[in-house]
1. In the chain, what percentage of the DSSP-assigned beta bridges are antiparallel, given to the nearest 5?
2. Which loop-located chymotrypsin sites (Phe, Trp or Tyr not before Pro) does region 113-205 contain, where loop means any DSSP state but H, G, I, E or B and the Cβ has at most 14 other Cβ atoms within 10 Å?
3. Are there any trypsin sites (Lys or Arg not before Pro) in region 61-130 that are in a DSSP loop and have at most 13 other Cβ atoms within 10 Å? List them by number.
4. What is the order of Val24, Val121, fewest Cβ neighbours within 10 Å to most?
5. Relative contact order, percent, of region 2-74 when contacts are C-alpha pairs under 8 Å separated by at least 6 residues?
6. Taking amide hydrogens as modeled 1.01 Å from N in the peptide plane, which residues meet the under 5 Å criterion relative to Cys88, leaving out close sequence neighbours?
7. Which order results if Val17, Val133 are arranged by neighbouring Cβ count within 10 Å, fewest first?
8. Once amide H atoms are placed 1.01 Å from N in the peptide plane, what residues at a sequence separation of 5 or more from Arg32, or on another chain, have their amide H within under 5 Å of its amide H?
Amino acid sequence: MSTLAHVFEVRGLATIVLASIRPVVEKMHPPRALYCEFPLGRPLGRPGDADFQHDVLSRAFTLLDAGSGPVLVDHPEVIEEASEALACTMPARFDPSLPACVDEANGIRRAYDREVAARGVTSVGRVVDADDVPAALAVLQRIADGADWKSVDIPGGNTIALVHDIRTYYEEAALQLADGPAPGGRAAEIWFYEQTEAGRTVMAARKAIQDAAGPFPVWFYMAPGHR
C-alpha cells in the first residue's frame, strides 16, 4: 500500500495509508499514514463497532489537511491480538460411523446457513461450496490416515484454497454459535485449529504431506505460518 500511495501521488491523487506494521511505513515513507495497532486483517479495529470504525476513518482523513509530508500519526488506542480461542458451543456428535471431522461439519451446517442468510454473502467457494465441505474433509482425513496425497482427488487440486473454504465455512458458522461479542483477531483461528475436529484433521493432513516430501507451499499454507 505504501508503494501504491507513492504511485498515486505522482499522478496527482492524494492518499492515506492505514498502516498495520509500523516498521514498513517508517521505511517506505508514504505521504500520509495512520498507524493503527490493531490485529492484522482488521484495519478499522473492532468488528461491528461502527462508531470506532468511523473514528479511525475520521482520523485518517484529517491527515489530508497536513501541509507537507511524509506524515505518520498513531491511532491512540491499541487493540491486543486475541490469545484465547473464541467460546463456541458445538453440536453433539450425530453419526459416529463418520469420521469425526465429517460429522462435525454436517452438524454446523444449519448455523452456517443462518449466518449466510443474515449477511447475504459467504466467502466459501474458492474450490468447494458448503455442500462439499464434509466430503473435502473426508479427503483430508484419508491423507491424515496415510493415503498418498498425490493419489487422492484433492478438490480443486489445491490444498491451500481447499483449507480456506473449510476454515471459512467453520468461522462463518461460528459467528452464529459463538458466545459473547465478535471474537478477537486470532480467536477464530485458535478455535479452528486447536478445538475443532476439522482443524485437527487439517493439521494432521498437513503433517502427512510434509513428511511425504510434499513441495512448498502445498502443505505449508494449509495453516498460518506460525503453526
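Only the coordinates and a few stated rules stand behind these numbers; no lab work does. Model, not experiment: these values are computed from the prediction. Cβ sites come from the backbone with ideal geometry, for glycine too, and all protein chains shown count toward neighbours.
1. 10 percent
2. When the chymotrypsin sites (Phe, Trp or Tyr not before Pro) of region 113-205 are filtered for loop state and at most 14 Cβ neighbours within 10 Å, nothing remains.
3. Within region 61-130, the qualifying trypsin sites (Lys or Arg not before Pro) (loop, at most 13 other Cβ atoms within 10 Å) are Arg93.
4. Least crowded to most crowded, the residues run Val121, Val24.
5. For region 2-74, the relative contact order is 32 percent.
6. It is Asp179, by chain and number.
7. Val17, Val133
8. Val17, Val71
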